[in-house]
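Peer 1: Dropping the structure in here first, questions after.
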Amino acid sequence: MSLLVVGLSHRSAPVSVLERASLDPDTQNKLLQDTLAAEPAAEAAVLATCNRIELYADVDKFHAGVAELSTLLAQHSGVGLEELTPYLYVHYEDRAVHHLFSVACGLDSMVVGEGQILGQIKDALARGQELHTAGRLLNDLFQQALRVGKRAHSETGIDRAGQSLVTFGLEQLAAGTDVAGWAEGKRALVIGAGSMSSLAAATLARAGVGEIVVANRTVERAERLVQILTEPGGTGVVARAVAMGSVGDELTRADVVVSCTGATGLVLTGVAVEKAMAGRTAPLALLDLAMPRDIDAAVHRLADVRLVDIESLAEASADAPMAADVDQVRGIVADEVAAFGAAQRAAHITPTVVALRTMAADVVAGEMARLEGRLPGLDDKQRAEITQTVRRVVDKLLHAPTVRVKQLASEPGGAGYADALRTLFDLDPETVASVSRADMNDPNRGRV
């Protein structure tokens with residue numbers, strides 16, 4: 001296993017750099033394809049969220065891998081390598097596993113303990129599978145990260161340590177008052193209809209807003225979100241969908257606006273917000289969860305306008321209290337990292353063991369064919385008994401060594417046992433490789 005991750009996040013880089021380095025879906029696809037085409041990388045996956053961009057790869061050379069992945073991130077993000085490098089972090093092998101498991105548990109999130117990262121990890125894995133850039137290692141890694149994250153949330157109180165970015169943002173807008181009381185009866189405008197916007201709409205509906213207007217470039221997606229919000233047995237909120245061209249008019253009537261789109265430019269300019277404020281007396285609360293930003297930071301200067309964005313959320317979260325459950329989650333992560341490493345090392349020797357048993361079966365078949373020529377008078381019962389006896393002898397001779405070598409291989413430094421086994425039994429390297437390829441090409445392996 002030669003797992004490498006190169007990335008940057010809210011912990012290593014200022015929001016202004018993260019904003020410039022953000023990757024849209026098409027760019028993520030191109031990054032994955034180019035990473036796989038690069039010489040050091042055999043597999044690749046990208047985890048891109050509003051506060052992190054990470055490139056995972058299975059590499060055969062550490063230094064060449066770091067150089068290549070860093071260069072690819074710079075090229076596809078549009079931020080020069082010299083400018084980007086000081087903000088990049090690198091994790092290798094077990095440290096890379098530890099990092100992703102910590103991310104999956106919400107330990108590395110802007111709001112500690114938030115669970116939305118699990119959906120983003122699942123999306124990253126699905127993208128790698130669809131583009132065939134995620135092989136055995138990254139399939140196993142991301143699948144296990146999802147299980148570790150779910151375990152942390154089910155076995156500990158990490159949920160009490162933090163909330164979703166949406167909830168945290170609304171709490172900042174409410175300025176210390178109860179969100180439900182602050183939101184009750186307000187008119188809300190949600191710009192965007194993706195996962196974050198959908199979460200924001202649902203959170204606002206539960207908080208008791210009087211009306212939700214959803215604006216999206218594709219009106220059909222906005223209408224689907226409205227249908228979910230207003231379906232029988234739901235929150236009972238009044239909701240409607242509008243085209244993006246109607247945002248200016250809706251802005252004059254809204255009390256709170258949440259924006260999270262994939263746009264590369266500003267969705268709400270300072271001029272647009274100033275124009276909307278000219279004909280109203282009520283204050284306007286704006287929550288910008290997009291990366292890069294949707295709302296012009298210049299609106300901070302407007303009277304009766306309060307803007308909370310990713311940058312202000314990062315500053316606020318730095319002072320958030322850490323729950324005691326965080327230590328328990330860290331213990332889970334440490335245990336799971338050790339177990340994953342052992343499983344990967346044990347799996348590394350499996351093709352060699354399979355090849356050894358295949359060779360032994362071929363030897364038995366060859367010897368039985370030779371016996372047929374020497375003792376042509378054997379009846380079926382005698383032939384079956386002899387065959388079974390020879391197979392039992394071979395199985396008994398191989399059982400203890402193969403069980404023991406799997407145990408030894410799962411320990412740190414155990415990778416050399418596979419090489420020793422191949423050398424001792426003069427196993428054909430192509431036979432071993434064919435077993436590995438068959439396992440990697442299993443269509444049912446690691447699907448999400």
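The values are calculated or read from the model by the stated rules, or taken from the named source; none is laboratory data. Remember, it's a predicted structure, so these values are computed and weren't measured experimentally. Virtual Cβ from ideal backbone geometry, glycine too; neighbours counted across all protein chains shown. Heads up: the accessible areas ignore ligands, DNA and RNA and are worked out on the full protein's heavy atoms, side chains in. Shrake-Rupley method; radii C 1.70, N 1.55, O 1.52, S 1.80 Å.
Peer 1: Enumerate the calculated ³J(HN,Hα) couplings along region 77-92 in order (Karplus 6.51 cos²θ - 1.76 cosθ + 1.60, θ = phi - 60°), each rounded to whole Hz, writing x wherever the residue is Gly or Pro.
Peer 2: For region 77-92, the Karplus-derived couplings read 7, x, 9, x, 4, 4, 6, 6, 3, x, 9, 7, 10, 10, 10, 10 Hz, x marking Gly and Pro.
Peer 1: Another question about this same structure. With +1 assigned to the C-beta of every Lys and Arg and -1 to the C-beta of every Asp and Glu, and no other charges, what is the dipole magnitude of region 354-424 about the Cα centre in debye, to the nearest 20?
Peer 2: For region 354-424, the charge dipole is close to 120 debye.
Peer 1: Out of residues 5 or more away from Lys186 or on other chains, whose amide H comes under 5 Å of its own, with H placed 1.01 Å from N in the peptide plane?
Peer 2: Gly210
Peer 1: Also: As an exercise, use a Förster radius of 41 Å and the Cβ-Cβ distance of Arg357 and Tyr89 to find the FRET efficiency, rounded to the nearest 0.05.
Peer 2: Efficiency at R0 = 41 Å is approximately 0.45.
Peer 1: Over 32 Å between C-alpha atoms is what I'm after, so list which of Lys61/Lys122; Lys186/Lys275; Lys30/Lys186; Lys381/Lys406 land there.
Peer 2: Lys30/Lys186; Lys381/Lys406
Peer 1: Assigning unit charges at the beta carbon (Lys, Arg +1; Asp, Glu -1) and nothing else, what dipole magnitude in debye, to the nearest 20, does region 183-256 show about its Cα centre?
Peer 2: Values: 8 positive and 8 negative charges, 21 e Å.
Taking the Cα centre of region 183-256 as origin, the dipole is about 100 debye.
Peer 1: Before I look further, what does region 242-367 give for accessible area per residue, probe 1.4 Å, in whole square angstrom?
Peer 2: That works out to 45 Å² for each residue.
Peer 1: In nm, to one decimal, how far is the modelled label at Val390 from the one at Glu231, with both set 7 Å along Cα→Cβ?
Peer 2: Roughly 6.4 nm, to one decimal.
Peer 1: What's the Cα-based Rg to Rh of the chain, Rh via Kirkwood?
Peer 2: Details: Rg = 28.4 Å, Rh = 25.2 Å.
Checking Rg against Rh, the ratio lands at 1.13.
Peer 1: Could you work out what % of the accessible surface of the chain is carbon and sulfur, using a 1.4 angstrom probe and leaving DNA, RNA and ligands out of the count?
Peer 2: Of the solvent-accessible surface of the chain, carbon and sulfur hold 52 percent.
Peer 1: Which loop-located trypsin sites (Lys or Arg not before Pro) does region 187-288 contain, where loop means any DSSP state but H, G, I, E or B and the Cβ has at most 12 other Cβ atoms within 10 Å?
Peer 2: Taking region 187-288 and a limit of 12 other Cβ atoms within 10 Å, no loop trypsin sites (Lys or Arg not before Pro) are found.
Peer 1: Next question. How much mean residue ellipticity at 222 nm does the chain get from its helices, if each DSSP H run of length 4 or more adds -39500 (n - 2.57) and you divide by all residues, to the nearest 500 deg cm²/dmol? Please list the in-between numbers first.
Peer 2: Working: 18 runs with 251 residues, N = 448.
Calculated mean residue ellipticity at 222 nm is -18000 deg cm²/dmol.
Peer 1: Grab the other residues whose beta carbon is less than 10 angstrom from that of Glu43, score K and R as +1, D and E as -1, and report the net. Mind dumping the intermediate values first?
Peer 2: Details: positive: Arg136; negative: Asp58.
Net charge around Glu43: 0.
Peer 1: Using the beta-carbon distance between Asp159 and Ala316 and R0 = 25 Å, what value does 1/(1 + (r/R0)^6) give for FRET efficiency, to the nearest 0.05?
Peer 2: 0.85
Peer 1: Put +1 on the Cβ of every Lys and Arg and -1 on every Asp and Glu Cβ in the chain; which of Cys260, Gln33, Gly115 then has its Cα farthest towards the positive end of the dipole?
Peer 2: Gly115
Peer 1: Not counting ligands, DNA or RNA, and with a 1.4 Å probe, what is Lys406's accessible surface area in Å² rounded to the nearest 10?
Peer 2: Rounded to the nearest 10, the figure is 90 Å².
Peer 1: Considering only DSSP beta bridges whose two residues both sit in the chain, what percent are antiparallel, to the nearest 5?
Peer 2: Looking only at bridges with both residues in the chain, the antiparallel portion is about 45 percent.
Peer 1: Express in Å², to the nearest 10, the accessible area of Asp178 obtained by rolling a 1.4 Å probe over the protein heavy atoms while all chains stay in place.
Peer 2: Ignoring ligands and nucleic acids, Asp178 comes out at about 100 Å².
Peer 1: Looking at the square roots a ≥ b ≥ c of the eigenvalues of the Cα gyration tensor of region 166-267, which shape do they give, rounded for a/c under 1.5, prolate if a/b is larger than b/c, or oblate?
Peer 2: Judged from the Cα gyration tensor, region 166-267 comes out oblate (a/c at least 1.5, b/c at or above a/b).
Peer 1: Full extension from Leu375 to Ala343: what is 0.36 nm times the residue separation minus their Cα-Cα distance, to one decimal in nm? It would help to have the intermediate numbers written out before the result.
Peer 2: Numbers: separation 32, 0.36 × 32 = 11.52 nm, distance 4.68 nm.
In short, 6.8 nm is gained.
Peer 1: Which residues does a label at Arg240 reach in region 157-196, if reach means a backbone N under 16 Å from a point 7 Å past the Cα toward the Cβ?
Peer 2: 187-190
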